[in-house]
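Everything below concerns the one structure shown next.
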Amino acid sequence: MYRQRSITWFQASAVVISSIIGGGVLDIPRIAAATADSGAPLITLAGIAIALLGIWLITVLGMRFPKENLFQYSQHILGKPVAYSVNLCMVLFFVILTALTVRQFGEVVVSAVLRKTPIEVTIIILLLLATVTTRRNIIRFSYIHMFYLPFILGPVLGIALISLQNAEVLNLQPIIGNHPKDVIGGGLSITALFQSSLIITLIIPFMKKPEKSLRSSMLGGTIAGLLYFIIVISTVAAFGPQETIQLIWPTLEIARLTSLPGKIFERLDAIFIAVLVITVFTTIYATYYLASYAARETFGLKDHGFLSSFLLPFLYLVAMIPQDIFQLYRMGEIVGKVGLSLTLGYPLLLWIIAVIRKIRGNPVEE
């Protein structure tokens, strides 16, 4: 089957970065501080390292089958019945992940900006926007991500760096933390924030030079990881680990506390929320696209556009399941950790079997 190979390695990196950076910017400092106290930066690095290993794995696997995506080549490796079952689990996982991300965004908007607006309205509007956009092909998908990348990296990095003026180095000592709790669980919770990087499996078959996909994915994952790392340092250093744990959205609070030199903007939270709209949109765009594409390959359809519309009511229903923000985060933590078996464990299994059985896809013609 002919495919238009027009995605460059830089565009692929942009997709990975904007897919990873999403709702996680809101609460990653709290997750890290709750696990490792003042050792939050260290546990963040550990989680990022595991995530990068997973990104390396799915990319190397994709380079082994440069004309196919995960949902296709898994059928060659495991057989159709097993791959079909796992692909269905993938659809379910990314539907839930998308829904919970949308709900998190809705909670922020109605709490910080539109306090008299029903959360259902915010959720429906964002889901409708994502549904319409998800109907586009993978080439346009990559262009949209690349377009929004500067509006994500610039402001988020700027706010994080400017907020370092409020930092107290003592809040980060000792660097290993006073009383670390569930270090493995905390590290995996941070790794779970990178699960949308699985989008690279859909990008590789459309790249001009799929042999450069490893550079793209690792660069994208590293940049996103460094941004998360800076956010954790700036927030925990400003508030201290104990105060950070008490805040639902510590990054939003640090934006409220931060002002530009010369008092041009005395509070940056308005800018942060505007940027948050973009970061959440690009993330749910990626996870929604993965869910639709996985369903397309599972059911053998030619187009995923219909499926994106079909999944819309299910996304809304799942988004409305949590009764409050605390239940939302408990669900998110469980779903994130369970999802690692699909986004990290499953590719590892496929790679091991492919290497042992010496299974490869057809090379790309020059």
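The values are calculated or read from the model by the stated rules, or taken from the named source; none is laboratory data. Only a predicted model underlies this, so the values are computations on that prediction, with no experimental measurement involved. FYI the Cβ positions are ideal-geometry reconstructions off the backbone, even for glycines, and counts take in every protein chain you see.
Values for this structure:
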quantity	calculated
Criterion (over 24 Å from the mean Cα position of the chain (by Cα), under 21 Å from Val60 (Cβ atoms), β-branched (Val, Ile, Thr) and at pLDDT below 90) met by exactly one of Val355, Val364	Val364
Unique residue being under 23 Å from Ile20 (Cα atoms), in a helix (DSSP H, G or I) and touching a Phe, Trp or Tyr at 6+ places or on another chain (Cβ under 8 Å) when the list is Leu161, Leu129	Leu129
Filtered residues of the stretch 61-78 (kept if out of contact with any Pro (no Cβ under 9 Å at 6 or more places or on another chain) and closer than 23 Å to Ile20 by Cα)	Phe71
Meets criteria (among the hydrophobic types (A, V, I, L, M, F, W, C) and over 13 Å from the mean Cα position of the chain (by Cα)) for Ile28	no
Answer from Leu92, Leu114 - the residue that is surrounded by fewer than 22 Cβ atoms within 10 Å (Cβ to Cβ), within 18 Å of Phe272 (Cα to Cα) and without any contact (Cβ under 8 Å) to a residue 60 or more places away in the chain	Leu114
One residue from Phe151, Phe206, Phe194 being under 23 Å from Gly332 (Cβ atoms) and among the aromatic types (Phe, Trp, Tyr)	Phe194
Residue that is farthest from Leu126 (Cα to Cα) [pool: residues in the stretch 320-352 that are of a type in the set (Ser, Thr, Tyr), surrounded by 15 or more Cβ atoms within 10 Å (Cβ to Cβ) and at pLDDT 90 or above]	Tyr346
Matching helices (runs of 4 or more DSSP H) fully within the stretch 174-283 where at least 1 residues are out of contact with any Pro (no Cβ under 8 Å at 6 or more places or on another chain) and at pLDDT 90 or above	183-191, 200-203, 213-239, 241-246
Given (1) hydroxyl-bearing (Ser, Thr, Tyr); (2) out of contact with any Phe, Trp or Tyr (no Cβ under 8 Å at 6 or more places or on another chain); (3) modelled with pLDDT under 85, number of the condition Tyr316 does not satisfy	(3)
So Leu52, is it in a helix (DSSP H, G or I) and not small (Gly, Ala, Ser)	yes
Selected residue (only one of Leu45, Leu61 is touching a Phe, Trp or Tyr at 6+ places or on another chain (Cβ under 7 Å), closer than 25 Å to Tyr293 by Cβ, assigned to a helix (DSSP H, G or I) and of a type outside the set (Val, Ile, Thr))	Leu61
One residue from Ile124, Ile162, Ile138 being at pLDDT 90 or above and either buried (at least 16 other Cβ atoms within 10 Å of the Cβ) or at negative phi (or both)	Ile124
Subset of the stretch 304-313 [without any contact (Cβ under 8 Å) to a residue 40 or more places away in the chain and surrounded by 15 or more Cβ atoms within 10 Å (Cβ to Cβ)]	Leu307
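Listed here are the residues, each with its yes/no results for (1) touching a residue at least 40 places away in the same chain (Cβ under 8 Å); (2) among the aromatic types (Phe, Trp, Tyr); (3) closer than 17 Å to Cys89 by Cα.
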site	(1), (2), (3)
Leu301	no, no, no
Leu315	yes, no, yes
Val318	yes, no, yes
Asp324	no, no, no
Gln327	no, no, no
Thr343	yes, no, yes
Ile352	no, no, no
Arg357	yes, no, no
Arg360	yes, no, no
